[in-house]
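First comes the structure, then the notes that go with it.
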Amino acid sequence: MTFMKTRSGLIALLLAASSFSVAQNPQSPASPGVQKPASVPETTAPAKKSNDTAAPSNVSKAAAPQSTRKPDRAEAYYHYSMAHIYEELVTSYARSEFANKAIDEYKLALEYDPNSPYLNAGLAELYAKTGRIKEAVLEAQDIIKRDPNNVEARRLLGRIYLRSLGDSQSPQPEMLKLAIDQFEQIVALDPSSVEDHLLLGRLYRINNDLLKAEGEFKTAVKLQPDSEDAITSLAYLYTEEGDSKRAVQTLESVPDAERSARLYGVLGYTYEQGHDYKKAIDAYRQSVDLDHDNLDSIRGLAQNLLNDGQTDAALDQFKTVADADPQDPQAALRIAEIYRQQGKFDLALDNLKKAQALVQDSLEIPYNMALVYEAQGRYDDAATLLQNLLKRSEKPDGNYTASEKNNRGVFLERLGSVYREENKDQPAIAIYHQLIQLGNDQAERGYEQIVETYRTEKQWGLALNAAQEAAQKLPDSREMKMNLAQQLADNDQGAAAITQVKALLQNKPADREVYLTLAQIETSLKQFKDAEDSAAQAEKLSTKPEEKNYASFVAGSVYEREKKYDLAEQKFKTVLADDARNAPVLNYLGYMLADRGLRLEEALGYIKKAVAQEPENGAYLDSLGWVYYKMGNYDLAEANLLKATDKMGTDGTVQDHLADLYFKTGRLRQAAAHWERALDEWNKTTKTQVDASDVARVQKQLESARVKLAKEETQK
């Protein structure tokens, strides 16, 4: 999307709104403007029409200003005309000698009319356009010194400062201060100018003075209620402040009949920021209906269709963008993302290569390639790409901006995940320690991943030690305290865990995360009524769609654990109604049905959708194998259960499923071996992670299998 959200975007907008042009000055001479001739020699100026003084044939010979000359407006106008012609040549040919000649002509014009603010302004603007900022500022300041109330001169100086801001995320603070000061004086002298209020408001936004920015935008709206620039600027500000509701109200105040394609596009963007994807889709459709060639709105429509889980429709729209603009790498990137989610990895890679050919030094494209390789199980290829990204983004002094830290954090965390997929736990932990060194949120993620790595390997004591270290090193982190509580619960300290989490409740919206943690700990301790209540509190405090979905997922998992299957299914389907591609929910619902032998075709459909998104996910492969087992399709069951075992062989449930398959297909010895392994893995697992009834059932099945095997040996 190209909406102006960032500082760099705002600066670009400011420059566009304040472009330099002498012809726009209302105080230009009364004579007709000089038009550029059809053909002008590169070094020879047009012949002078006045007979008073012989004009030089070559402007480079222009004399230095002479204070003895008498004012002569006709002569001044001639030299201004010459300057204007050379300015046109600068625009056409970008040659420095034309700029120098134009400056010389302006100086000659000022010799004949030294008190002309228009000529001073023209010279100042020319200095600015040619990068001679110091001279431009001095010329403009000279006008203001003679006439402090000259609004046009102040606008000129303000525009010069705007051009000097730069287009980076970090504009020059001094220039920003000077620009703000100038436009504050401009709106004081001329409070009726909508454009000046908008410029000042945007400067305040860049300076993070959002309250003052809001005041200027509101003034602009009051002065011109139908100003689209004013309305959209105010809406963007509210969105930036996280107040999507007021942003929407501002935009919706414009009657439907008066809304342009642009305004509908901004409305779509505002809905998107509020995660109201369905309304965003409607708004973008309206924008496209009004302007079929508006690729920004088509992009917005495509992205929100994707956000809403309408993958096929999103793919069609992104293809429309790619066809209309083959040089758009983002379209190819989004198409690749959809193909990856659909499990069409070759098509995903083809589109990523298209995007790579269009963009130099992209970090996003190779990262997405790594995601595809990881999904394909090509872990070495994925690791190589991620290692290269880390090298490219590394700074020897370790001094990273916030965005650079975020990028490195993403690369490190993904590389650690790849190592874990390869069962390289120690390299993974080493990577997560690098993540911790980035500090702040990245440090929290690093500790969480270290704890999870130890948990996966059933090293519960090490997981607890890591969580305690995290809570000590990050004492202000509520997340680390909750993480520690979860490890305490898994290490037979359930009462202490619950006490520690409840102490974090503050009767504020932020309690949502605390209630979710409580629900999960209480579920593991089989305190189901308390878990239901905690999940319900979390649902009440959830405001965004994704927050509501996750809280409903947790509530569904509570109901499933206490065997309230109908209530669990209702919660899961509530999530899928809003997010049809939610892989964890698809897998959970499909497995819950399959495990009870219910609606197996429906269960298979859910699980297949999850596996299509993450074909190397061991838990999803186990679910797929189990539903095939329940359907009597033992070949497919075995193929998928063996894949699951390769991915998560230390999971007792996977071993139990494979044992059931071998027993069902008459391979008693293999069945007994996998039941033994299931019991061994469960014995390494904490009490909160194992269902005692499953252990008792498998022990009984194993004993029965051993008896049968003994009889077979006796009969031989």
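Read-outs: derived from the displayed coordinates by stated rules, not from any lab. Bear in mind the structure is a predicted one, so any value in this text is a computation, not a measurement. Every residue, glycine as well, gets a Cβ built from its backbone with ideal geometry; the counts of neighbours run over all protein chains shown.
Each residue, residue 691 and residue 293, gets one label point 7 Å from its Cα in the Cβ direction; the gap between the two is 6.2 nm.
All C-alpha to C-alpha distances of the range 249-301, sorted into 10 Å bins beginning at zero, yield P(r) values of 31, 57, 12 percent in whole numbers. For the chain, the Kirkwood estimate of hydrodynamic radius, built from reciprocal distances between every pair of different alpha carbons, is 31.0 Å. Given R0 = 51 Å, the distance between the Cβ atoms of residue 149 and residue 360 translates into a calculated FRET efficiency of 0.55. Footprinting exposure proxy ranking of 84, 433, 197, fewest other C-beta atoms within 10 angstrom first, gives 433, 84, 197. Around the Cα centre of the chain, unit charges on the Cβ atoms of Lys, Arg, Asp and Glu (plus for the first two, minus for the last two) sum to a dipole of about 680 debye. With only Cα atoms counted, the range 345-462 has Rg and Dmax values of 15.0, 50 Å.
Between residue 706 and residue 602, take the C-beta separation as r, use R0 = 35 Å, and let me know the FRET efficiency to the nearest 0.05. The calculated FRET efficiency here is 0.40. Ranked by the mean number of other Cβ atoms within 10 Å per residue, highest first, peptides 585-591, 340-346, 406-412, 255-261 order as 585-591, 406-412, 340-346, 255-261. Once the chain from residue 683 to residue 223 is taken as fully extended at 0.36 nm per residue, the excess over their C-alpha distance is 158.1 nm. Normalised size of the range 482-541, defined as Cα radius of gyration per 2.2 N^0.38 Å with N residues, equals 1.01. Which of 107/177; 245/405; 344/609; 424/458; 529/608 have a Cα-Cα distance over 21 Å? Beyond 21 Å between Cα atoms: 107/177; 245/405; 529/608.
Note on the range 366-495: with charges restricted to the Cβ of Lys and Arg (+1) and Asp and Glu (-1), its dipole about the Cα centre is near 240 debye.
Based on DSSP H segments of at least four residues, each scored -39500 (n - 2.57), the chain has a per-residue ellipticity at 222 nm of -23500 deg cm²/dmol.
Of the lysine pairs in the range 649-716, how many meet both conditions: Cα atoms under 16 Å apart, and a spacing of 8 or more in sequence or different chains? Here the count comes out as 4. Computed extension length for residue 631-residue 406: 76.4 nm, one decimal, from 0.36 nm per residue of separation with the Cα-Cα distance subtracted.
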